[in-house]
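Chemist: This is the structure I have questions about; it appears just below.
Rule-based calculations on the coordinates, nothing more; no lab input. The shown structure was predicted, so the numbers you read here are calculated from the model rather than taken from an experiment. In this analysis, Cβ positions are derived from the backbone assuming ideal geometry, glycine residues included, and neighbour counts consider all displayed protein chains.
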Amino acid sequence: MAISNYISQLWSSSVFTSFQQNQVVIPTLNTTYTGTVAEGNTVKITGATTPTIGTYSGTSTAEALSDSTVSLSINQKKYFAFKVDDVDKVQAAGTFDQWANAAGRALAEDSETYVIAQMIANGTVNTPSSITTGDTAKAAIRLLRTKLSAAKVPAAGRYCVVNSAMADLLLAGLSDASQLGNDATGIRNGVIGRLYGMTIVESSLFSETKASAIAYHQDFVAYVSQLDSVEALRDTSSFSDIIRGLHVYGSKPIAATAVQCLASSV
C-alpha cells in the first residue's frame, strides 16, 4: 500500500505552520478560548461589569457585580483534500511542503474571509461617506478612532483592517513613512504601519471593493479554531493517494461598539 509509511505529524505540522504564516487578521484577535473544540460546540465568553468608583470616607460598601455572557458557536466546518502520486516517496524526498503550504494558505484565506464578514455583521456599521482621496481616507480612520474612544474601548491594543482600495489611499496620503510610523509589535503579515494609535493591517479578503476599514480592539473579537484529522487514504479512482484534513472554527465580536466599520459611499 502506497501510504503504509504515512506520517500524520509531518503533514499536520506543515499545514498548520502554513496556516499560521498566511494569517493577517487572525493574529490580531482574541484567541484565549482556543482549545480542543469540535463542530457544533459553543464557547461561553463571560465578561464582568465595571464596578462603581466611590469616594472613601473611612468606610466602603461592596457591591455585587453582574456578568454578561456571549455565546460563540463553532459552526464553521471546512475541509481540504488533494491527490499525491505517492505519499511515501514524497515524504522520503522531503518535498511535501508545496502541498501543505497550499492547503494552509487556503485555510487561512477561508477563515479570514469569515472573520471579516462576522466583524461587519456583528460590529457597529457607520454611515458611509465618500472616501476617494488620502485626506478622506485619513479622516475615515480618525472617525473610527473617535468612535472607539467614545465607546470607552481601551487605547492599547487597537487595530484597523483595511481593504486594498483604502490601503492605497492611505499610502498615497501618507507618502512620508515617518507619518505612518512603524508597527510597535514588529513586522507582521499585512501591516502597513500605525495611524492614530492603531496598527493598520491590509487584507485583500474584504468582499466590499469600495474603500473600507474596520477598527477594533484585539480583546473584543474572539476566534476559536481547531485543525483536525489530517489523514491519508488510497484513491480508488486513480493510482494516487489522498491527503485530507478538517478545520473547525468560529469567530464573533464580543462587544459591537468595540468593532467600528466604515465603507465608502462611492
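Chemist: Any idea what angle helix 97-122 forms with the longest principal axis of the chain, computed on alpha-carbon atoms, 0 to 90 degrees, nearest 10?
Modeler: 30 degrees
Chemist: Go through [x] 154; [y] 136; [z] 178 and flag the label whose value is the computed volume of the Cα convex hull per residue in Å³ for this structure.
Modeler: Computing volume of the Cα convex hull per residue in Å³ and matching it to [x] 154; [y] 136; [z] 178 gives [z].
Chemist: Just name one of Q91, A140, N22: the one whose Cα is farthest towards the positive end of the charge dipole of the chain (beta-carbon charges, Lys/Arg +1, Asp/Glu -1).
Modeler: About the Cα centre, the residue reaching furthest to the positive side is A140.
Chemist: What nm value, rounded to one decimal, do you get for the distance between T209 and K78 when each label is placed 7 Å out toward the C-beta?
Modeler: For T209 paired with K78, the spin-label model returns 2.2 nm.
Chemist: Okay, next question. Angle, helix 164-173 long axis vs. longest principal axis of the chain, Cα atoms, 0 to 90°, nearest 10?
Modeler: With both axes taken from Cα atoms, the answer is about 50 degrees.
Chemist: With the Cα gyration tensor of the stretch 89-247 in hand, convert its eigenvalues to equivalent ellipsoid semi-axes via √(5λ) and list them largest first in whole Å.
Modeler: Details: eigenvalues 290, 61, 46 Å².
Calculated on Cα positions only, the semi-axes equal 38, 17, 15 Å.
Chemist: Among I242, I131, I26, which one moves the most in a GNM of the chain with springs linking Cα atoms closer than 10 Å?
Modeler: Result for the chain, Cα springs under 10 Å: I242 fluctuates most.
Chemist: Could you give the angle, 0 to 90 degrees to the nearest 10, between helix 8-21's Cα long axis and the longest principal axis of the Cα atoms of the chain?
Modeler: Orientation of helix 8-21: about 30 degrees from the principal axis.
Chemist: Considering only S60, S238, S149, give the residue with the highest GNM mean-square fluctuation for the chain, with springs between Cα atoms whenever their separation is below 10 Å.
Modeler: Looking only at S60, S238, S149, the biggest GNM fluctuation is shown by S60.
Chemist: How much length would be gained if the chain were fully extended between L233 and N126, taking 0.36 nm per residue of separation minus their Cα-Cα distance, in nm to one decimal? Display every interim value, and only then the final one.
Modeler: Working: separation 107, 0.36 × 107 = 38.52 nm, distance 4.95 nm.
This chain segment gains 33.6 nm when fully extended.
Chemist: Let me ask something else. For a Förster distance of 45 Å, can you work out the FRET efficiency between the beta-carbons of A139 and S71, rounded to the nearest 0.05? Show your work: numbers first, answer last.
Modeler: Details: r = 36 Å, r/R0 = 0.81.
Result of the calculation: an efficiency of 0.80.
Chemist: Also: Under the rule that an exposed site lies in a DSSP loop and has at most 12 other Cβ atoms within 10 Å, name the longest stretch of the chain with no chymotrypsin sites (Phe, Trp or Tyr not before Pro) of that kind, not counting the sites themselves.
Modeler: Here the longest run is 57-238.
Chemist: Sticking with this one: Mean separation of Cα pairs under 8 Å and 6+ residues apart, divided by the residue count of the chain: what relative contact order is that in percent? Don't skip to the end; give the middle numbers.
Modeler: Values: 517 pairs, mean separation 85.8, N = 266.
Relative contact order for the chain comes out at 32 percent.
Chemist: Picking from G58, G123, G134, which is most flexible by a Gaussian network model of the chain using Cα springs under 10 Å?
Modeler: G58
Chemist: In addition: About the Cα centre, and with charges only on the beta carbon of Lys, Arg (+1) and Asp, Glu (-1), how big is the dipole of the chain? Nearest 20 debye, please. It would help to have the intermediate numbers written out before the result.
Modeler: Numbers: 18 positive and 21 negative charges, 145 e Å.
For this selection, approximately 700 debye.
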